[in-house]
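A.B. asks: Input: one structure, supplied below.
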Amino acid sequence: QVTVLTLMALHMAKVRGTLTESRYRQLLYELETIPTKIEEVLKLNDQLYKIATKYKDCRNALYLGRGVSFPVALEGALKLKEISYIHAEGYPAAEMKHGPIALIDEEMPVFVIATKGANYEKVVSNIQEVKARKGKITAVVTYGDKEVKAMADDLIEIPETDEFLVPLISVIPLVVAKYSIISRLIALYSTLLIFLKPNLGTRRCNGICPPSKPILVEYPERDLAPL
């Protein structure tokens, strides 16, 4: 979906004359390389599994991103909530001081998209603020990054690409990590079922419940007034 919308935006920009021919071709070339770069990111599955294992018992998580990476932060937080039943919030890194920073401590994992681009230095500043409050940083960075590496607890390196296309790649490790977390939780849940008494019934289990079946909600028909 994002790729289709990107192609539409490129075509409209070209037609309107707001994008030069050279820039247009450059972005098209970068777009063609995205599948190969995604394959490289998927090879990090073992690393992502270890990160997921580290944070599988956390009760809250914070996701930060600037510019085009802010929607990636929102998507990462959404997937963690949907798949792992862990409370998470995506927040624009520029507004971190307006609330979320007060919640950061040594038990709060903070996922930051800190790839190279116009906002890189500002994101580095956000990471420094999180570390000052002993937050646990997992950073998604561009290959070869050294500045963030010196501060982050965990580093996820992705291939370099055009800044405006980075979300197509940076979102992949965040989603894969969430599925790794839920796989750990399901394994733990299955083990508990072996040892716990069968009369638990439908008792709620904090943080170790497997994904529930979709619930169909039927709404009563309403009389629609004529327009």
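The values are calculated or read from the model by the stated rules, or taken from the named source; none is laboratory data. Every value quoted in this text rests on a predicted model; they were computed, and no experiment measured them. Note: ideal-geometry Cβ built from the backbone for every residue, glycine included; neighbour counts use all protein chains shown.
A.B. asks: Considering each of L19, L10 in turn, give the residue that is among the aliphatic types (A, V, I, L, M) and either in contact with a Phe, Trp or Tyr (Cβ under 9 Å, 6 or more places away or on another chain) or in a helix (DSSP H, G or I) (or both). Don't jump to the end; show me each part of the working.
C.D. replies: Values: L19 fails: either in contact with a Phe, Trp or Tyr (Cβ under 9 Å, 6 or more places away or on another chain) or in a helix (DSSP H, G or I) (or both).
That would be L10, the only listed residue that is among the aliphatic types (A, V, I, L, M) and either in contact with a Phe, Trp or Tyr (Cβ under 9 Å, 6 or more places away or on another chain) or in a helix (DSSP H, G or I) (or both).
A.B. asks: E40 versus (1) of a type outside the set (A, V, I, L, M); (2) surrounded by fewer than 12 Cβ atoms within 10 Å (Cβ to Cβ); (3) at pLDDT 90 or above: which is the lone unmet condition?
C.D. replies: For E40, the exception is condition (2).
A.B. asks: While we're looking at this one, here's another question. Within region 90-149, how many residues turn out to be among the hydrophobic types (A, V, I, L, M, F, W, C), part of a loop (DSSP other than H, G, I, E, B), out of contact with any Phe, Trp or Tyr (no Cβ under 8 Å at 6 or more places or on another chain) and surrounded by 13 or more Cβ atoms within 10 Å (Cβ to Cβ)? Please lay out each step first, then the result.
C.D. replies: Step one: filter region 90-149 for residues among the hydrophobic types (A, V, I, L, M, F, W, C), giving 93-94, 96, 101-104, 108, 110-114, 118, 123-124, 127, 130, 132, 137, 139-141, 148.
From what's left, part of a loop (DSSP other than H, G, I, E, B): 96, 104, 108, 114, 118, 148.
If we keep only those that are out of contact with any Phe, Trp or Tyr (no Cβ under 8 Å at 6 or more places or on another chain) too, we end up with 96, 104, 108, 118, 148.
Still in the running and surrounded by 13 or more Cβ atoms within 10 Å (Cβ to Cβ): 96, 104, 108, 148.
Residues in region 90-149 being among the hydrophobic types (A, V, I, L, M, F, W, C), part of a loop (DSSP other than H, G, I, E, B), out of contact with any Phe, Trp or Tyr (no Cβ under 8 Å at 6 or more places or on another chain) and surrounded by 13 or more Cβ atoms within 10 Å (Cβ to Cβ): 4 in total.
A.B. asks: Starting from residues that are closer than 13 Å to L174 by Cβ and either touching a Gly at 6+ places or on another chain (Cβ under 7 Å) or assigned to a helix (DSSP H, G or I) (or both), keep the ones in region 48-69 and report whichever is modelled with the lowest pLDDT. It would help to see each step written out before you state the result.
C.D. replies: Pass one, region 48-69, residues closer than 13 Å to L174 by Cβ: 48, 51-52, 55, 61-65, 69.
Pick out the ones that are also either touching a Gly at 6+ places or on another chain (Cβ under 7 Å) or assigned to a helix (DSSP H, G or I) (or both) and you get 48, 51-52, 55, 63, 69.
Details: L48: 88, I51: 89, A52: 85, Y55: 88, Y63: 96, S69: 95.
Out of the qualifying residues, it is A52.
A.B. asks: In addition: Can you say whether K56 is within 25 Å of I158 (Cα to Cα) and either surrounded by 12 or more Cβ atoms within 10 Å (Cβ to Cβ) or touching a residue at least 24 places away in the same chain (Cβ under 8 Å) (or both), as far as the supplied structure shows? First the steps, then the outcome.
C.D. replies: Values: within 25 Å of I158 (Cα to Cα): yes; either surrounded by 12 or more Cβ atoms within 10 Å (Cβ to Cβ) or touching a residue at least 24 places away in the same chain (Cβ under 8 Å) (or both): yes.
Considered against the rule, which asks whether it is within 25 Å of I158 (Cα to Cα) and either surrounded by 12 or more Cβ atoms within 10 Å (Cβ to Cβ) or touching a residue at least 24 places away in the same chain (Cβ under 8 Å) (or both), K56 comes out as yes.
A.B. asks: Please go through (1) in contact with a strand residue (DSSP E or B) (Cβ under 9 Å, 6 or more places away or on another chain); (2) without any contact (Cβ under 8 Å) to a residue 24 or more places away in the chain for G17 and return the number of the only condition it doesn't satisfy.
C.D. replies: Exception for G17: condition (1).
A.B. asks: Among the residues of region 103-136, count how many are at positive phi and at pLDDT below 90.
C.D. replies: 0
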